[in-house]
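The values are calculated or read from the model by the stated rules, or taken from the named source; none is laboratory data. Remember, predicted model here, so these are calculated numbers, not experimental data. Glycine gets a Cβ as well: all are built from the backbone with ideal geometry, and neighbour counts include every protein chain shown.
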Amino acid sequence: MKKTALFLGLSLLSTAALANDYNTQVNLDYLTYDDYNTIGLSGTYYFDKVTTANTAWSEAAFMGRNNSATLGYVNIDGDAYGLNLSGDYYHKNIFVGLDVNYVDVDGGSSDTGFKGELGYFFAQNWLVSVSGSDEEFSDSLALNTKYIATLDNGSFINVEASYLNDDSDFTAAADYFWTAQSSVGLSLSTEDNYNFGINAEHFFTPAIAMKLAYISLDSDDAVSVGLTGRF
């Protein structure tokens with residue numbers, strides 16, 4: 001299954017090699033954590049063409065407020081798999097997000113969950129939102145914000161933060177783009193077991209990107225690598 005997903009992802013990447021603006025994005029991700037290996041494949045379709053002009057390339061859809069639908073698949077060591085269907089909708093300064101997740105664990109147990117997000121843009125690239133899921137709704141509520149600043153030298157800074165109602169935890173992340181194509185980031189959280197995370201991403205062409213991430217946890221460390229293709 002892993003080889004099939006890898007070959008499919010690479011074939012999609014090869015067709016995207018000359019793309020600039022795009023309507024479709026494919027992500028192929030591999031993560032290892034505590035002797036578990038996870039591979040994920042997802043595809044996003046944007047109903048209006050996304051442009052990378054004058055944007056941080058990995059944040060182009062957010063900065064352009066492009067409506068989209070995403071379908072994703074995740075497999076964990078062949079013992080469990082998950083399916084995700086999600087969508088982002090922008091109308092003027094209003095944002096609505098919806099996620100539907102299905103998880104099936106070897107042995108017959110399965111579960112379906114829903115998550116929603118409602119937000120408002122207080123400035124061009126500044127979103128404040130409230131999110132929650134259908135399971136233990138009050139505990140899952142979170143207040144979120146995301147802001148992207150465009151600097152004079154053509155670089156960008158992305159800042160995100162969330163306050164989680166369950167246990168009153170706070171998470172924060174920041175990414176610095178020294179060019180539109182390249183970024184490095186840091187994430188912190190007061191959640192149990194979480195120490196810090198670092199990540200980096202680079203677009204080798206307008207259509208092909210690679211990303212790396214390392215997360216330090218009390219129980220073990222997690223490492224992930226991902227490929228992105230756009231066409």
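Here are the numbers for this structure:
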read-out	value
Subset of segment 209-231 [more than 16 Å from the chain's Cα centre (by Cα) and of a type in the set (A, V, I, L, M, F, W, C)]	217, 222, 231
In segment 192-219, the residues that are loosely packed, with under 14 Cβ neighbours inside 10 Å and not hydroxyl-bearing (Ser, Thr, Tyr)	192, 193, 195, 196, 198, 204, 210, 218
Options 109, 86: the member that is surrounded by 15 or more Cβ atoms within 10 Å (Cβ to Cβ), of a type in the set (S, T, N, Q) and at negative phi	86
Residues satisfying the stated conditions in segment 181-212, i.e. of a type in the set (A, V, I, L, M) and either in contact (Cβ under 8 Å) with a residue 24 or more places away in the chain or more than 22 Å from residue 157 (Cα to Cα) (or both)	207, 208, 209
Residue that is surrounded by the most Cβ atoms within 10 Å (Cβ to Cβ) [pool: residues in segment 130-181 that are farther than 20 Å from residue 213 by Cα and aliphatic (A, V, I, L, M)]	148
Segment 29-46 - residue that is surrounded by fewer than 14 Cβ atoms within 10 Å (Cβ to Cβ) and in contact (Cβ under 8 Å) with a residue 24 or more places away in the chain and, of those, nearest to the chain's Cα centre (by Cα)	45
Subset of segment 188-207 that is farther than 14 Å from residue 169 by Cα and of a type in the set (Val, Ile, Thr) - its residue that is modelled with the lowest pLDDT	205
